[in-house]
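Here's the structure we're looking at; comments come further down.
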Amino acid sequence: MEEISYGMKDKVVLVTGGSRGIGLEIVRRLIHHEKARVAICGRKQDGLEAARSLLGEQDRLLALPAHIAREDDVERLFDAVEQRFGRLDVLINNVGMNIMTPSLAETETNLWQKIIDTNLTGTFLCSRRAAALMKAQGGGKIVAVSSIAARKAAPAMGIYGIAKAAVEMMTKVLAVELAPFNIQVNALAPSMVRTDFSKPFWSSEPLYREIVRAIPLGRIAEPIDVVHPVLFLASRGSDFITGHTLMVDGGASAL
Ligand SMILES: NC(=O)c1ccc[n+]([C@@H]2O[C@H](COP(=O)([O-])OP(=O)(O)OC[C@H]3O[C@@H](n4cnc5c(N)ncnc54)[C@H](OP(=O)(O)O)[C@@H]3O)[C@@H](O)[C@H]2O)c1
C-alpha cells in the first residue's frame, strides 16, 4: 500500500495518543509519506521521547505531554499547536483506553468515571477546542477512532463500549452542528488491532483462533489497516462524507 497518498503535504494534524500503537502508525505515515506537520500528545514523557527519536524529522513534529481528559492540559496542548503551526487542519481523536470491568452492574463509580473521562470527555474537550479553531479558519476535519465494542456487548468492555457508542453519537451531533462551517466529522470502528492495548487477547493462540473465526478476512487488523481509512477521512477525498462511522473490521459486522 506504499504508493497510496492522501494529499496532506504541510497540513497540520493533531493526533492524540500518537506516541504508540495505532496513533504512532498514523503519525509515521503523515510525517514520512504525506509530509504533513504533526502534533502528538500522550501522558508519559518517556513514550513521547521514544516516539520522537523513532520518527526523527523534528521540524515537522511537536510532541507534548497532555492528559486529554484534563481541561487545562487540553488548553495548553491546543495553544502550543497554534503557536507552533498557526492553524489546525485535522484533529484525530485517537486516544482510547479500557480497564477490564467484568460486571457493569457491580462497577465502582470511580472506575466508570475513569473510562468515561478518557474515552468520551477527552474526545469532547479536544473536539470542542478544534471546532473553535477550525471555524475561525474556514474548515477542517475531525476523525475519531471508535471500536466495534460500540455495538457489541463484549465481555469486560462494557463501559468502554458505552463510551465509544457515545463518541459515535458525538460524531453525528458535531457533524450536523459544524457542517455550515465546512468541518467534516467522522469516525471509524476497528475490530481488534495488533497493539499493546489488545495484546492480552491476540498473544494467546487459542484466543486468537477464536477471535479470527468471527472475522471473514481471517485475521486481526495491523495498525496500517486502520491508518489508511483514518487518512482517507482526514483528506479532501472525504469532503462529502460527514457524521459517518466507517467499520474497519475485516467484514466482522457483515456476519
Ligand atoms: N488495539 C485495538 O484492538 C483497538 C480496537 C478498536 C479500537 N481501538 C481504539 O484505537 C485507539 C488507539 O488504540 P491503540 O491500540 O493504539 O492503544 P495504545 O497502544 O494503548 O495507545 C494509546 C495511546 O494513547 C495515549 N493515551 C492513553 N490515555 C491517554 C490520555 N488520557 N491522554 C493522552 N494520551 C493518552 C497513550 O500514551 P500514554 O500512555 O503515554 O498516555 C498512547 O499513545 C483507541 O481509541 C482504541 O480504543 C483499538
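Quick note: the coordinates plus some simple rules give every number you see, no bench work behind them. A quick note: this is a predicted structure, and the numbers were derived from the prediction, not measured. No Cβ is skipped: glycine too gets one built from the backbone with ideal geometry, and neighbour counts run over all protein chains shown.
Odds and ends about this structure:
- Reach of K152 by Cα under 25 Å, taken over lysines that are not fewer than 8 positions away in the same chain: K114, K164, K172, K199
- Packing around the peptides 78-88, 111-121, taken as the average count of other Cβ atoms within 10 Å per residue, puts them in this order, highest first: 111-121, 78-88.
- Shape analysis of segment 70-109 places it in the prolate category; the axes a ≥ b ≥ c from the Cα gyration tensor give an a/c of at least 1.5, with a/b above b/c.
- Shape category assigned to segment 105-255 from the gyration tensor of Cα positions, a/c cut at 1.5: oblate
- Taking amide H as placed 1.01 Å from N in the peptide plane, the amide H of L61 sits under 5 Å from that of V38, each at least 5 places away or on another chain.
- Rounded tilt (10° steps) of 71-85 against the dominant C-alpha axis of the chain: 50 degrees
- For G140, distant residues with modelled amide H under 5 Å away: I183, Q184
- Of the peptides 225-234, 209-218, the ranking by mean beta-carbon count within 10 Å, highest at the top, reads 225-234, 209-218.
- Taken one residue at a time, the phi angles of segment 202-217 give Karplus couplings (6.51, -1.76, 1.60, θ = phi - 60°) of 6, 7, 9, 4, x, 5, 4, 4, 5, 4, 6, 4, 8, 10, x, 6 Hz. Gly and Pro are set to x.
- Alpha-carbon centroid distance for the pair segment 51-75 / segment 84-133, whole angstrom: 16 Å
- Three-way shape label, the chain, alpha-carbon gyration tensor, a/c 1.5: rounded
- In terms of the mean number of neighbouring beta-carbon atoms within 10 Å, the peptides 236-247, 29-40 order highest first as 29-40, 236-247.
- MRE, 222 nm, helices only [DSSP H, n ≥ 4, -39500 (n - 2.57), over the chain, to nearest 500]: -12500 deg cm²/dmol
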